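No lab work stands behind these numbers, since they all come straight from the coordinates. No experiment lies behind these values; they were computed from the predicted model shown. Cβ atoms come from the backbone with ideal geometry, glycine included; neighbour counts cover every protein chain shown.
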Amino acid sequence: MKEHPVTELTVIRCNHNYNAWKAVRSEVGWAFAGTFRSFERPTAADAVASGALSGVPCKTVDITDAACSIAPWDTLPRAMSDAVCAAATRGDKVLSLNGYCMLAPAVAGGLMRGLPAGTRLGVVWLDAHYDNVVLEATEAHETTLVGIPLSTLIGATASAWRTTSCKMPEPLPASCLLHADGRVWVPEERESALASGMRIVEESEFADLEQWKRHVTSLADAVDALYVMFDADIMAAEWVPGFYRAEPGGLPREEVLERLACVMETGKVVAASTWCFDFDREPEAVRVNAESQGAVVQEILTGWGFSS
């Protein structure tokens, strides 16, 4: 593996347990709704913090307090974006240890504001789903906020939430977003993703390591910095039994780690999120999830040159 210059590491924690925040259609447009919910059991992230991250010098930022309000779907992304911005301004690598996909525009917003002016940012999105609902086009009466982060990132929907809550000053060009593997999809989200111009890596291409390397290299050559959003469901269900629900298909953990390593080896990854590993599940499911999340975190740390 290539050796990359080591700077500092900021780890962002959040004790928010997934609570299905929603966008709801009303007579005057779309309104967001949701409440903050803490974890009631030990989490996979707790185990990773005392395992893979043990002994790794880092700054730890807890954004939980900022989220405990009447509008956490606004305050939590703001806090995330500001924490990422502060870390990026210092030149730190950023690891968002726990959270959910709807926070990705906030991470991107923080990077856009904190990285040097003119930095071309790219996003690698590893997820079984497309998360690409366009509120202005859907016929649904409501959708969860985890259904809109991709469409928000590229400016296709929720522009007010993107700019105000996520503090993302401008959309990401669709060509700067690489999505894999999207094996669990609904026609509406897949069709809008294909039409957007984002780089789509189909499930079969993701399974082919050489094809995946070519896709990663192509994106890395077009940008200056990369943010990796790693959703637990990119792995086969047996490796993440504590996920929200078991999703069909998916690669084994070690093969997914190989693909993550390809991204880290570009030397351009400045931020990563390891999300959707925690849903207050029973201890054995949390243990397996923690082992998988710990392996993912270790791959990221190795790519950055950190060791415990």
Taking 74-81, 204-211, 190-197 and ranking on average Cβ neighbours within 10 Å, highest first, one gets 74-81, 190-197, 204-211
Within the under-11-Å Cβ sphere about Asn19, not counting Asn19, Lys/Arg +1 and Asp/Glu -1 give a net charge of +1
Inter-part gap, Cα centre of segment 46-64 to Cα centre of segment 258-308, in whole angstrom, is 12 Å
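Among DSSP beta bridges lying fully in segment 9-304, give the percent that are antiparallel, nearest 5. Walk me through the intermediate numbers first.
Details: 9 of 40 bridges.
So the antiparallel bridges in segment 9-304 amount to around 20 percent.
From the convex hull of the Cα coordinates of segment 1-149, what is the mean projected area in square nanometres?
Values: hull surface 45.2 nm².
With the hull built on Cα positions only, its mean projection is 11.3 nm².
Normalised radius of gyration for segment 123-229, please: alpha carbon Rg relative to 2.2 N^0.38 Å, two decimal places. Please list the in-between numbers first.
Details: Rg = 13.7 Å, N = 107, 2.2 N^0.38 = 13.0 Å.
Taking N as the residue count of segment 123-229, the ratio is 1.06.
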Any lysines whose Cα falls less than 30 Å from that of Lys59, other than same-chain ones fewer than 8 residues away, would be Lys2, Lys93, Lys167, Lys268
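Quick one: pull the percentage of alpha-carbon pairs in the chain with a separation above 25 Å.
Values: 20520 of 47278 pairs.
Roughly 43 percent, once rounded to a whole number.
Below 13 angstrom from the Cβ of Arg120, what's the summed charge of the other residues (Lys, Arg +1; Asp, Glu -1)? Mind showing how you got there, number by number?
Working: positive: Lys268; negative: Glu170, Asp221, Asp224.
Taking every other residue near Arg120 into account, the sum is -2.
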Stokes-Einstein, Kirkwood over Cα pairs, segment 1-78, 25 °C, 0.890 mPa s; D in µm²/s equals 161 µm²/s
Ordered by fewest other Cβ atoms within 10 Å, a rough proxy for footprinting exposure, Lys22, Lys268, Lys213 read Lys213, Lys22, Lys268
